[in-house]
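Contents: one structure, followed by commentary.
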Amino acid sequence: MKGNLFLLLPIFVPVAMALVQYYVRLTAKGRNVLTVLTLAATAAMAVYAAMHQGMECVLWNMTDRISIAFRVDGLSVLYLSLISIVWACVGLYATEYLEHDASPRRFYLFYLITLGVLMGLSMAKNLITLYMFYELMTLLSMPLVLHNLDKESVAAALKYLLYSVFGASAALLGVFYVGANAPSFDFIPGGQFGAEDAAVTPVALAIFFVMIVGFGVKAGMFPMHSWLPTAHPVAPAPASAVLSGVITKAGVLGILRTIYYVAGVEALRGTWVQYAFMVLTLITVILGSLMAFKEKHFKRRLAYSTVSQVSYVLFGLSTMTKLGFIGALLHIVFHSLIKDTLFMSAGAVIHKTGKTSVDELRGIGKRMPATMWCFTIVSLGLVGIPPTGGFISKWNIAEGAMTLSNAASWIGPACLLVSAILTAAYLLSISIRAFFPGEDMPAAELSRCEASWRMIVPMALLSVLVVALGMFPGALLNLFGTVASAVAL
């Protein structure tokens, strides 16, 4: 090992504490306290690492060219900060949600280990390290889907595993190709195949497209998106929140690294790879919105929404423009904050009332006002209504598309607009029925059953961030503008 060993702490501390809480006999309160303190400590270490761009550490040199190494760059700053905030908020929420669960120790075991793996994934310096932690993330997050151990959970977990392994195997083909045709496996801003004297062969283009599709499986991109609506309804709400808000973004990270740090935009811009990728993202945006609009199951509706909204990010990346790239990074942030809040809201409703269908939510805003206000505020953000963060991210994505000189300059924004209308229909209709049940609603069915502070505080915090960062996005725009400049946009 060499370099700054501090980078290993955000990886190994949550793993160690996960094992402690699992194997050491603790009371439920002691386990909750240990979990929350671990999440807070990991967040502090991750934020410290994010404040020191350029910090590096080599864990293991397997050969002269192959190493497990970490480095903090602009993308690492984004992912370290976002994952820390989300994981801590959802972890606090889970202490209440799992209060009467049969196996909370098992849940926290994999929840904390997955956090450590995501820290390593965020700081991966090269393709080998990213691939290793990407596979570990799949294997260690699968038990979160499997948690209830019933027939539906087992089937959903197997589907999640099979889809993820297929996607990762497709990405592995690219790892082999890069190893044979590039000077190193390291992530280089601007890529290793985009230089003027670099010949981008038809084989290279095909390999990069396979990598994009492979990583796109985790991001829920059509046609390998169906694991999301299968996994979310059976997983506990805290697992659904991080699967939608964070795990899908690991697939986005793989695509980001492939396009902008391995291939290079100059190697892919204007090729069939760009256009095919763009078509797949727009199909996913519309398809996910339509399926969410038709869906009646509360959590499955949100899962289809994730299918659509993550592809907003992918469409922004597919434009290969500076504005589209910045908009995509902004939407990574805001979609994560929003979708985690939506799933926590849904989980709170199900936890307190047992209602799982949107048709059963009439008047729920009277019974759980704080929960449903959080749901409504972030729903406005997902639609893209100012001054919420969703507006600024979608604005930049659309602006990036309109700078293109082909049909995507109007087809892309048109698809985003249609999706926004559908998003308003399938989310805000819930809020309207929740707060305005009608005069014929029996008073006995409007009794209060609000969630506890351990559920409300995380939802409220993320809701405030969605609005505050939307009103004052300057720091994010500066950071992402710097990242865009580094990758030659």
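The values are calculated or read from the model by the stated rules, or taken from the named source; none is laboratory data. Treat the numbers as computed from the prediction; the structure is a model and nothing was measured. Because the Cβ atoms are built from the backbone with ideal geometry, glycine has one as well, and the counts that use them run over all protein chains shown. Ligands, DNA and RNA are excluded from the accessible area calculation, which covers all protein heavy atoms including side chains. Shrake-Rupley method; radii C 1.70, N 1.55, O 1.52, S 1.80 Å.
Would you kindly find the accessible area of residue 150, with a 1.4 Å probe and non-protein molecules such as ligands, DNA and RNA excluded, rounding to the nearest 10 Å²?
Accessible area, nearest 10 Å²: 60 Å².
Label points 7 Å out from Cα along the Cβ direction at residue 181 and residue 56: separation in nm?
2.6
Test of understanding: what is the full-extension gain from residue 165 to residue 435, defined as 0.36 nm times their sequence separation minus their Cα-Cα distance?
92.9 nm
Does anything in segment 256-291 have its amide N under 18 Å from the 7 Å Cα→Cβ label point of residue 203, and if so which residues?
Under cut-off, by backbone N: 263.
Using only the heavy atoms of the protein chains and a 1.4 Å probe, how would 207, 411 rank by accessible area, largest first?
So the residues, ranked largest to smallest area, are 411, 207.
Using only the Cα atoms of the chain, build the gyration tensor, take square roots of its eigenvalues as a ≥ b ≥ c, and label the shape rounded, prolate or oblate: rounded if a/c is under 1.5, else prolate if a/b is larger than b/c, else oblate.
Note, shape of the chain comes out oblate.
At 222 nm, what helix-only mean residue ellipticity would the chain give, in deg cm²/dmol to the nearest 500, using -39500 (n - 2.57) for each DSSP H run of four or more?
When only DSSP H runs of four or more count, the value is -23500 deg cm²/dmol.
Take the cross-link list 151/394; 29/125; 29/355; 352/394; 296/366 and give me the ones stretching past 31 Å between alpha-carbons.
Distance filter (> 31 Å) returns 151/394; 29/125; 352/394.
For a quick check: with amide H placed at 1.01 Å from N, whose amide H comes under 5 Å from residue 192's, ignoring anything fewer than 5 positions away on the same chain?
Answer set, sorted by chain and number: 262, 263, 264.
For residue 67, list long-range residues whose amide hydrogen, built 1.01 Å from N in the peptide plane, is under 5 Å from its own amide hydrogen.
Here the answer is 62, since their amide H atoms fall under 5 Å of that of residue 67.
Distance between the C-alpha centers of segment 348-369 and segment 291-347? Whole Å please.
Between the Cα centre of segment 348-369 and that of segment 291-347, the gap is 23 Å.
Any chance you could look up the accessible area of residue 210 with a 1.4 Å probe, heavy atoms only, rounded to 10 Å²?
50
State the three equivalent ellipsoid semi-axes of segment 114-263, derived from the C-alpha gyration tensor as the square roots of 5 times its eigenvalues, in descending order and whole Å.
Taking √(5λ) for each Cα gyration eigenvalue gives 31, 15, 11 Å.
Would you mind calculating the gained length between residue 407 and residue 452 on full extension (0.36 nm times residue separation, minus the Cα-Cα distance), in nm to one decimal?
11.2 nm
Put a dot 7 Å past each Cα toward the Cβ at residue 395 and residue 19; how far apart are the dots in nm?
Once both label points are built, they end up 4.9 nm from each other.
Just by accessible area at a 1.4 angstrom probe, what is the order of 466, 20 from largest to smallest?
Descending accessible area places them as 20, 466.
Using DSSP H assignments, which helices in the chain have an axial alpha-carbon span of 30 Å or above and a mean Kyte-Doolittle hydropathy of -0.5 or higher?
Passing helices, by number: 28-50, 74-97, 151-181, 272-294, 298-319, 322-353, 408-435.
So how far apart, in nm, are the two label points at residue 151 and residue 4 if each is 7 Å from Cα heading toward Cβ?
5.4
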